[in-house]
Structure formats: structure tokens, C-alpha cells
Number of protein chains: 2
Amino acid sequence: MARTKPRLYRGFRDVFAADVLARNRMINTVRQVYERYGFVPLETPAIEYVEVLGKFLPESTQPDGGIFSLHNEDEEWIALRYDLTAPLSRVVSMYPELPRPFRRYQVGPVYRFEKPGPGRFREFYQFDFDSVGVPRADADAEICCVMADTLEAVGIQRGDYIIKVNDRKILNGILELTGYNNLDKIVEGDIPIGPAKGKPYRRQITSDDIFRAIDKLDKVGIEGVELLLTGGRLDESGDYTPGCELSDDALEKILGYLNAKKDSRKEVCDLLAETIGDSEIGKEGVEELRTIDSHLTALGYDESRVIFDPTVVRGLSYYTGPVFEGELTFEVTDESGNSKSFGSVFGGGRYDDLVKRFTGQMIPATGASIGVDRLLAALKHLGRIDTKSSTAHVLVTVMDKNFRTEYHKLAHSLRQQGINTEVYMAGGNIGKQLKYADKANIPIAIIAGDREFEDGKLQIKDLWLGRDLSEEVEDRETWRTERPAQFEINADELLENVKTILNQYKLL
Amino acid sequence: MARTKPRLYRGFRDVFAADVLARNRMINTVRQVYERYGFVPLETPAIEYVEVLGKFLPESTQPDGGIFSLHNEDEEWIALRYDLTAPLSRVVSMYPELPRPFRRYQVGPVYRFEKPGPGRFREFYQFDFDSVGVPRADADAEICCVMADTLEAVGIQRGDYIIKVNDRKILNGILELTGYNNLDKIVEGDIPIGPAKGKPYRRQITSDDIFRAIDKLDKVGIEGVELLLTGGRLDESGDYTPGCELSDDALEKILGYLNAKKDSRKEVCDLLAETIGDSEIGKEGVEELRTIDSHLTALGYDESRVIFDPTVVRGLSYYTGPVFEGELTFEVTDESGNSKSFGSVFGGGRYDDLVKRFTGQMIPATGASIGVDRLLAALKHLGRIDTKSSTAHVLVTVMDKNFRTEYHKLAHSLRQQGINTEVYMAGGNIGKQLKYADKANIPIAIIAGDREFEDGKLQIKDLWLGRDLSEEVEDRETWRTERPAQFEINADELLENVKTILNQYKLL
């Protein structure tokens, strides 16, 4: 028979016990927080019609770029969902009988047909919650509370995260002030610097590109943003990005706006109100932030948890009001050995055009989404997740095959008392079996042979203690003579002995 | 803007709050049972290489029939997994460092590109557990215990289910006795009966077709099996299936075997031992059943939970030893109004060729898989699942917009005490808000206006009691005068009042 090579498609991965257990625990904790606010679950299929998913994929230039799509039996294009928001918009449009507000959460894998990289997969989990049919900024304030509560519930301490809030209307107001709010022009010329110097470039620039430039602030610094907004920027890799060619006056207004950072939310609002001048849309945005501030303050969510930050843009062009970003602020070392803050794990905003492409209606909606795998990586980095890879707390070893049934009976009796117990069922001597328990991180082994069964005794081995004592048990002779962390009990005292050890390890 | 029609691809569906909540609860319960036996979770991607998935899809005649497949960037075929066993075999082959035994569970959606029908979806959940690297029948006995424990844990009472066990080796032994163990022939002729009478047929028949015929016993009865094994069978729809054309002697042996049904497992074994005669493989099969019986008996799993049934085949051709079927035995009415038993929700078996196509090695493995959605449908039918669609236990209504912040503070204080609470954030009068709570099945509403806030009072409405009293609250006037199931409390007694009501409904 020709052999098949067992291999994974790149960008995909297997997740093993410790990580699945940790992820499930984290997901359960997040779910509890979402449910505390009354959000209810929804599950939509992994496959949708391409036209239903729409063209919302961030950073994608082609209509169906970045998605896994295929032709179905009727020659229609179907695809794997790339996020959980597009399916939500379909659901809200399809079922007018749904309660309104419709407050749903959804967790599950999404798929992106993009270039994979380290920590960047083509299948990854998102965990969204959204409030649909809620027009006012108190709903946006609630999103901030849920974000903060969630991060603390999973184990990120206050001070290690910050929820940053801004409002798209203020950004739009600033563009209005600069006269670039409906920007749509072609910039062209010859690349002035770098390896490709002299080569011609041609690029369409719209108002979204101004947002995109601002959105890069964290990566390229304020000087970088300035270059992107004016003559263009050369990055470290030698790639040249043509600039937006804004006027000096416009640049000054935008940079002034980006500097409106203050410690208190109220001060930021005051400064923004000044900056925004008479722009109606801008004033609306500031009012929304003031409402959010007053709600957060009333509920005790002060600036140690939620701040206003004019530099927050959020890439997606569908946001229409407040935008939120949950950032982890503790430092980590990147691949190049540089220290940087862990970064964003949670993002969202208000998007009142949710169902417009389906029904033509405006339905106000606001929400946020967790990057589950990134948050899990953060918790791992902080040492805040259990890395235990076993579910069994007791391994019943098989020393004498004649007693196989007895071993199963022992295990059965422990299971009936709620103790997760496994009987070792492959071949191998006692040393191999204890190594198996050790590798699987099972804390207790039970050992018994003809002598023990005759005398109504059992041997209990505390493997974690044994490991602490740096013992190595190679074979039957060794354990018989050394018996590290091992003791004999009466068979009818098994349960209490097991419980005592598990209690020590906080496993009960 | 051209509008998009919001629609689902057929065979796919949205699952709403009550069903997701019920499914999650059921999955958690099953998980607990699997973990009680020490199985650990694994997650594999939804997408795999087609050649890695292999050709194991039941009932499929083409190599890639029945799967959703697409070309990737390197012109290779990739596809959505159709079960969780093929990915397990890849994992076991790819990672030789995995512990052995490798005992894993996996839950998740699988995808079949087949014709959808009522209750038959193209995306559905399976929940598998398998023990890899365990050569002996005590491991198979354990699978039976897990299956029984699982069904009881989710709420199927003893007597409402039965685990049926058989052994492929015995089936092979019977074929050996008949001389048809390596059957591979062409049958051809003219269809003798039915609408297509006289038309020529030509069909390849192998030993697997004998298994398939036996596997149809439940559907076509013993006479139907007899026809399929001999001259062919015409079904109700007028389709003609050419028969296996077995000899009279062979037919007699097989029918005799299928009749080896007895109340006790021991009697079945004795009868099978007689039937199987000198077939070595058949005798091995009977010995395996005897071992399973002795383990089950020692652990107290008697014939009220697990029986031996020679008619159980399990369609998949990869089983090599014991096969298991978890059947729900209570009666339901089908679409045509006929009464029939609910049927199989759990199936599995031993498949020692798991990784052979990858590594050439034989690795013994045994396990089973739940049809999650079918089991959930059964629990629903039995009225054993909570159909509650809300997660919020309290709705704070908004009667006076001036107090919006106060309503949020009330909700916040309840949440901090662990009470799931929602603030109504859409527009609408109090009647509309109470209808929302009613529709969402939220048990308690809190109502307060200027008068209450001035006096330090709150109105609590027990909506479930109100519903019982068949009250309809249309507007502020009505509730002010009638106040069904509604009472006033001091604001500082909110928590205890809420708890009292929730306790009555067993929601705390």
C-alpha cells in the first residue's frame, strides 16, 4: 500500500491537551462575564455565501481576497467565515422576529486565506459580543465595562491592561476641518528614496488612507505618520509607501489632534471640543465621549481602566461612532530582543450600518471581539494559566495481568466518588507505566500485585512529590527498594488517601 | 446601493440561544464523563489535505465524494474534515512523541457535502473519545462503560438506552465458514421485478456488501436481508438492489448467526462459539466478547446496560474487532406517523489499522463517537433539557431617561453580587420593555421612576408569576393600577428580594 505523508496544511495547527484545557477554561470565564450582562449565545455556520460575507475583510483589496472560497453544486461561491460580525449582520437581517435589543455572543474559529507567520494562523478563535438595536452611548459605555471585566476575570490585573476609547465622528470632524473628509485622488510620481528610487508610483488615496496612516502610529511613530500623510515613507525593509500629500495646514490640525492626550477623560473631551471647533459631526463625537465618561465614572470605571485616546482608529472602515481597543500594557520582548508592550487583544466599536447592505435600514449596533489565541498567549506569558495536560488524577497501574479486572474495579470505585481515574492499558513494566503518568502529569499512581491483593493492601505513589524529590524509578527492583514518596495503605482507605493528596495539590 | 439577500447555504443553519445553551450544557456533561476516565482534549483544524482525510467516508463511492474540497495556493486539494477519526490518525502518525496510550476526546463540527434533508445537516457536531495504543478487550469494555455513563449523565435513564456490542471478527468468521470471506465478483442480469423490469444491471459484490446487507436489518427486516444476500431486493420507491447471490448453505449459516440473540451475554457467547465452529478468527472474536463480558460484569454493567447483538455491523469498513452502538430504545413517531425506536446516537469500535496508511504500522485503537445533535434532539423529545433562552435573570427597565445612569448603577450592583442583569437599552415604553423581558424569558424586571428614586424605593415585578397569572401589561397606566405580581421594596433590599425570587425558580 502506498503510504500517505501525515502533514498539516500550513497556517493550521493541532492544539494539545494543556492548551485546549486552558483555552476552554478561559472561554468559560469570558462566557460568564458576557452572560453576567445578559448576552446570549448564537452559533452560525462556518460556511456562508461569499456575497453574504461581503467585502469587509480588513486590509483586503480584492472582493474575495483573503478568504477560503469554493464553488457549490449550483455554481455559487461559498466561503469559510473570516469573522463573526458578517454572519451576525446576516442573522439580524434574516430574522426580523428576533428580540430587539438583540444581545448575542459568539465564539468560534474564523478563517483567513492569508500568509501565515509565527503566531499568525489561518484558523483562529474569536469571541465576540454585540448589542444590536441600541442607539445611545450608554450601550457603548457598557461595552467598555464588559471589556474591562472580561480581562480582569481571565486573570489580567488592573494596571496590566487599559481600554482605549475614541470616536470615529471626531476623526471625521477633524477631516472635515482639514477639508479632506471626502478625499479621493490619485497621487503619482517617482519614488524619491530607497532601493526603488526613481521608479514611478501611482496610488489612489481616500479619507480611509488618512485613518490608516494614523492607525499606524504605534508601529511607525509620530514622524512616520507625518511622512505617510505628506510625501511618503520608506520602511526598514526598503518598501516605499506613497504619502497622502496633505497640506501643511491639514497636517498641523491632525498632529494637533493626535496630541490631545491627557490623563483624565474629561480633559481629553475638553481639548477635543476645542480642537474640533464648529464641526457638527465632531461635536457629536465629543458628546458621545462625554456620555461614555459620565456612565463609566458613575459605575467606578476610572482612568485606571478606561481612557480616551485620540490616536485609536481601528482599521475597519465600517465603524461609525465610538471605537474601543483593549490593550495589554505589560512589556514583552519581541523576536529582535526589543522590549514592547504586549498590545491589543480586544477591539470593537459602534457600526450603525450593520445590516444596511441587506435591508437598507440603519440598525444601531455596538460590540467588541477578543482575539482568543492572543489573549491566551498573554496569560501564558504572565504564568496565569495552568499548564497541566492531564485530566486523570489517578493512574491505576497494571503490575500483574492476572488482576486486570481488579485494577478496573479499583478505578471504577474511584470514578464513582468523582475522582478522574485511568487504568494503564498498554503494555510495559511498572517503570514504563510510571513514566507515562509522569509525562501525562498525573499526580497519583496506585500500585498493587499479588502480595497487596492477598493482604488487602495497596501502594500509593505521590508522583508530584516523587518528582520533587528528583527520584527516577526505572524498574520494579528500584521502586521496591527505594519507594520514593510511596506508601502502603489498607485497600478500604484508598479514597481518603487519594483525597488527601489531591487536596494538597488543590485538585479537589 | 444594491441590496444583498440575507440567506443561508442549504444544509447549514443558525442555532439560537436556547439550543446553544442546551448543547453547551450537554457537551460539558459529556466532557466530564470522558475526563472521569482520563481522556484528554485535542483540537485539530477544520481543514486538512484531502489525501490525509483518506477514503473512509461511509457510503461514498468516489475518492473525494461527500466532502467540501478546494484547491489551495499550491494547487493541492484541501477539504473540510468529515469526521474526527481521520484527523486523529494523522495526529497519531505525525507526533511519535505523544504518550502511548494516547487517550483523547475531541468535539466539534464536521462537514459532509451530501444531500441535506429534515434533521440532516451538512455541518454537525461529533464528540469522539478514543484510546490509542491499547491492544486488549478490557479497553473495549471500558468504551462500553463510558458510553453507558455518558448517556445516563446527560439524562437518558437506564432502560431508555442500550449499548449493543458485536465483534467484526465473528462476522469475518461466519464469512469464512460460508467461503465468502474474500468475495469479489460481478453480478449481472436483467432486473426481474418493479418499474425497471427487464433493464440490465451489473454490480461488483465484495464481502463488505454482505456486511452492508446485514447492517440494513433494522430498515428492511430479516426478509429484506435475505433478498439482499440472494436474488436482490426491490424497495418501496421502486429501486432495485441486485443481490449478493450467496448459496443456500451460506445463507442458512448467516441467518442462523443473526438469530443468535439471547438475553444474557454469556448465552450469546456460547451460541456464537457453537455457530462459529473451527474458524480461528471467529473464535478470537468470541474470546474478545467473553473478556468484555467478564469486565462489564465485574464492574456491574449488566444486560440492562450492555448487550451482545450479532446483528450489529457498523457500516465503516475500518473496524477490525468489537463494534459498539448506543441506541435509544424509547418510541417516537416518525414523519409518517409510525412508531419506532429513537435509534442510534453513539457508535464506535476497534480499528487496529488506524495509522497503517501513514506509517505502515499496526497501532491498536478503540473508541466511539456521539452524534451530538441527534442526542440533543432525543433529550428535547424527552423534555430533559432546559429551553430557557435568556442568560439575564433581571431586566432593569428604563422608565425615565433622566435616570439612565441610576439604572446602570442598579444593574452594576446586582452583577457585582453575581446576578446576571441587563439594562434595557432600546427605545420604547414600559410595556414594550416588559414584553421584551417576557419574550426573552427573563424572570425579574425592576421598575423605577422619579417617585421611587425620591423615596428610595424600587418596584420589582416577578414576570414568570405574572405570566402564570395571565396578565397583560400594555402601558404605564395599566401597570400602575393593576401591578400584577409586582411589589414595592426599599432600594437597599433589592439583592435579597431578587435572590428570593430566583431561588424559587431554582436559578441560583
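Can you find even one residue in the range B:276-283 that is outside the structural domain of B:L217 (by TED's automatic domain parsing), hydroxyl-bearing (S, T, Y) and within 15 Å of B:F308 (Cβ to Cβ)?
Checking the range B:276-283: not a single residue is outside the structural domain of B:L217 (by TED's automatic domain parsing), hydroxyl-bearing (S, T, Y) and within 15 Å of B:F308 (Cβ to Cβ).
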Would you check if A:D353 is under 30 Å from B:C145 (Cα atoms) and open to solvent by 30 Å² or more (accessible area, probe 1.4 Å)?
no
Out of (1) without any contact (Cβ under 8 Å) to a residue 40 or more places away in the chain; (2) open to solvent by 20 Å² or more (accessible area, probe 1.4 Å); (3) over 22 Å from the mean Cα position of the chain (by Cα), the odd one out for A:E331 is which?
(3)
Total residues in the range B:430-447, condition facing another protein chain (nearest Cβ under 8 Å) and without any contact (Cβ under 8 Å) to a residue 12 or more places away in the chain:
1
Residues of the range B:148-161 being part of a helix (DSSP H, G or I) and farther than 13 Å from B:R36 by Cβ, in sequence order, are B:L151, B:V154
Select from the range B:391-404 the residues that are at the interface with chain A (Cβ under 8 Å from one of its Cβ atoms) and either over 43 Å from the mean Cα position of the chain (by Cα) or surrounded by fewer than 22 Cβ atoms within 10 Å (Cβ to Cβ) (or both) and list them in ascending order.
B:R404
Any residue in the range A:85-100 that is more than 7 Å from chain B (Cβ to nearest Cβ) sitting within a Cβ distance under 7 Å of a residue that is of a type in the set (S, T, N, Q)? List the pairs, counting only those 6 or more apart or interchain.
A:P87/A:T44
Failed condition for A:D167, given (1) open to solvent by 30 Å² or more (accessible area, probe 1.4 Å); (2) under 30 Å from A:K283 (Cβ atoms); (3) away from chain B (no Cβ under 13 Å), with all others met?
(1)
Taking B:F56 as meeting all but one of (1) touching a helix residue (DSSP H, G or I) at 6+ places or on another chain (Cβ under 9 Å); (2) at pLDDT 95 or above; (3) farther than 30 Å from A:Y436 by Cα, write down the number of the exception.
(2)
Of residues in the range B:237-287 being open to solvent by less than 30 Å² (accessible area, probe 1.4 Å) and touching a strand residue (DSSP E or B) at 6+ places or on another chain (Cβ under 6 Å), the one nearest to B:T178 (Cα to Cα)
B:C244
Matching residues, the range A:170-202, being part of a loop (DSSP other than H, G, I, E, B), in contact with a Ser or Thr (Cβ under 7 Å, 6 or more places away or on another chain) and either surrounded by 12 or more Cβ atoms within 10 Å (Cβ to Cβ) or in contact (Cβ under 8 Å) with a residue 40 or more places away in the chain (or both)
A:Y180, A:N181, A:L183
Tell me, please, whether a residue that is touching a residue at least 60 places away in the same chain (Cβ under 8 Å), assigned to a helix (DSSP H, G or I) and either open to solvent by 10 Å² or more (accessible area, probe 1.4 Å) or within 9 Å of chain A (Cβ to nearest Cβ) (or both) can be found in the range B:48-59.
no
Among the residues of the range A:67-77, are any touching a helix residue (DSSP H, G or I) at 6+ places or on another chain (Cβ under 9 Å) and part of a loop (DSSP other than H, G, I, E, B)?
yes
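Can you find, within the range B:14-34, the residue that is nearest to the chain's Cα centre (by Cα) among those that are touching a residue at least 40 places away in the same chain (Cβ under 8 Å) and within 7 Å of chain A (Cβ to nearest Cβ)?
Here the residue is B:L21.
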Any residue in the range A:405-429 that's surrounded by fewer than 20 Cβ atoms within 10 Å (Cβ to Cβ): show its pairings with residues that are small (G, A, S) at Cβ separation under 6 Å, as long as the two are six or more apart or on different chains.
A:T405/B:A298; A:K409/B:A298
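The values are calculated or read from the model by the stated rules, or taken from the named source; none is laboratory data. Everything numeric in this text was worked out from a predicted model, so none of it was measured. Cβ coordinates were reconstructed from backbone atoms using ideal geometry, including for glycine residues, and neighbour counts include every protein chain displayed. Quick note on the areas: whole protein, heavy atoms, side chains included, nothing else; ligands and nucleic acids left out. Shrake-Rupley method; radii C 1.70, N 1.55, O 1.52, S 1.80 Å.
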